[in-house]
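Q: I'd like to ask you about the structure that follows.
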Amino acid sequence: MNTLAQIAAVLRLSLRTLSQRRGPSSVIVIGMAGVVAVFISLQSLAVGFRTVLDLGSRPDRVIVVTKGAIGTLGSSISRADAPTIVDTPGVKRDIDGAPIATTSVFADIPLIKKSDGLMAFTMIHGVGPKAMQVWPERRLVAGRMFQSGLRELLVGKSAQTQFEGLEIGDQIILPGGDWTVVGVYTTDGGIGDSMMVGDVETLMAALSQANFSTVNVRMDSPDAFAQVNAAITTNPSLAVDAVREIDFYTKRYEFALKLLRTTALALGSLMALGTVFGALNTMYAAVADRGREIGTLRALGFGGAPVVISVLVEALVLCAIGAVTGTLIAWISFDGSEHVIQGAVVTLRVTLPVIGMGVGLACLVALLGGLFPAIRAARMPIVDALRAV
């Protein structure tokens, strides 16, 4: 019998007797399901966060901040500098020739989450009259636009879904008085859906803030960034940086993104290590239980390679069952669910690449947990194997 035929025969025998070892085998399946479910859920949170930032950014938008500022922290642009920034060559203009740009100011506000009644922060974004042209993806889905000079707010759809007290007509308490929710908008899942939007001058007055946080502009095209950046950064009267919108948000939420990925890797690795030890114990026990079977096959002329492969395949099958189970648990429990992270409403996305990483982790655990028992089975002396009870 050739090697391939031997492998096929040993595999059939190994898998046929798998049901007789349900107890020990379930240890691997359950452990692997837990590892994959946790790993996929954390990775899907990181993917969802990245997606929120990508959907909320356009390549033809630039955010201007004070030189060296991290996000809006420490950024302060004076009223005298704002017109110079807005009139920079390369900035897109409307049909009247006016720059499509807006000054902005930001404020964090605590709200109560609907899901658990705990407090979390979301952001109020003060913008100017050209805001809807700067962010054309912001579409009203209910109510009306806020009016300049009044304490009125638009609420992002995701923020309204997650937080209490954001229905049209509700009052938001801010310094200087209450603000009224007058409309709801959506950006179809971008970072803007997590915010509230109001008039920049009115918000600055309420916050007693003299300077703007940022200036947001649309460019003639994404290729105009070099022109806009050079014009702004080489102007001796300005001490500012021009940052592409996606780079701005990536830098601002860099810590949260790294934390999610690091947590997924660290926790997944620790749980996987525990499952490897469980797989080792189970597969060693399986080899011991199959001692006579393995000895008989070797006595009949079967080589060591088919035995090694049969043990590895058995480990792969058990881990694969656990991986599929864990993937289903993660998909049913978490896909599409929303969570608030640093003021951003993030939708978990169990994507094919994330599932692939989970399955890859399961295969690695199977190989590590099955390799040494497989080698032991192949090296087992035939006489000792035949004497196994």
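The values are calculated or read from the model by the stated rules, or taken from the named source; none is laboratory data. All of these numbers come straight from a predicted model, not from anything done at the bench. Neighbour counts run over all protein chains shown; Cβ positions are idealised from the backbone, glycine included.
Q: Which members of the range 147-171 meet the condition of being more than 13 Å from SER115 (Cβ to Cβ) and of a type in the set (Val, Ile, Thr)?
A: VAL155, ILE168
Q: Now for a different question. Please count how many residues of the range 142-156 are more than 32 Å from the chain's Cα centre (by Cα) and at positive phi.
A: 1
Q: Next up: Suppose we keep only residues that are surrounded by 17 or more Cβ atoms within 10 Å (Cβ to Cβ) and of a type in the set (A, V, I, L, M, F, W, C) within the range 133-144. Which one would you say is farthest from GLY189 (Cα to Cα)?
A: Among those that are surrounded by 17 or more Cβ atoms within 10 Å (Cβ to Cβ) and of a type in the set (A, V, I, L, M, F, W, C), it is VAL134.
Q: Of all residues in the range 116-136, which are charged (D, E, K, R) and modelled with pLDDT under 90? Write out each step before concluding.
A: Step one: of the range 116-136, the residues charged (D, E, K, R) are 116, 130.
Correct list: ASP116 only.
Conditions (1) in a strand (DSSP E or B); (2) farther than 22 Å from GLN342 by Cβ; (3) out of contact with any Leu (no Cβ under 7 Å at 6 or more places or on another chain); (4) among the basic types (Lys, Arg), marked per residue:
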site: ASP178; (1), (2), (3), (4): yes, yes, yes, no
site: VAL181; (1), (2), (3), (4): yes, yes, no, no
site: TYR185; (1), (2), (3), (4): yes, no, no, no
site: ASP188; (1), (2), (3), (4): no, no, no, no
site: ASP193; (1), (2), (3), (4): no, no, yes, no
site: GLY198; (1), (2), (3), (4): yes, no, no, no
site: ALA205; (1), (2), (3), (4): no, yes, yes, no
site: GLN209; (1), (2), (3), (4): no, no, yes, no
site: ARG218; (1), (2), (3), (4): yes, yes, yes, yes
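Q: Only one of PHE255, PHE212, PHE248, PHE225 is more than 18 Å from VAL105 (Cβ to Cβ), touching a residue at least 60 places away in the same chain (Cβ under 8 Å) and aromatic (Phe, Trp, Tyr). Can you tell me which?
A: Exactly one of PHE255, PHE212, PHE248, PHE225 is more than 18 Å from VAL105 (Cβ to Cβ), touching a residue at least 60 places away in the same chain (Cβ under 8 Å) and aromatic (Phe, Trp, Tyr), namely PHE225.
Q: So which residues in the range 22-32 are closer than 19 Å to MET271 by Cα and surrounded by fewer than 24 Cβ atoms within 10 Å (Cβ to Cβ), if there are any at all?
A: PRO24, SER25, SER26, VAL27, VAL29, ILE30 - these are the residues of the range 22-32 that are closer than 19 Å to MET271 by Cα and surrounded by fewer than 24 Cβ atoms within 10 Å (Cβ to Cβ).
Q: Step by step: first the residues of the range 52-82, then only those that are modelled with pLDDT of 85 or more, among the polar types (S, T, N, Q) and surrounded by fewer than 23 Cβ atoms within 10 Å (Cβ to Cβ), then the one that is nearest to ALA266 (Cα to Cα). Which residue is that?
A: Per the stated criteria, the residue is SER57.
Okay, residues lined up against (1) of a type in the set (S, T, N, Q); (2) in contact with a Gly (Cβ under 7 Å, 6 or more places away or on another chain):
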site	(1), (2)
ASP87	no, no
ASP94	no, no
GLY97	no, no
THR102	yes, yes
PHE121	no, yes
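Q: Only one residue in GLY336, GLY278, GLY268, GLY343 is more than 30 Å from ILE191 (Cβ to Cβ) and either out of contact with any His (no Cβ under 6 Å at 6 or more places or on another chain) or at pLDDT 75 or above (or both). Which one?
A: GLY278
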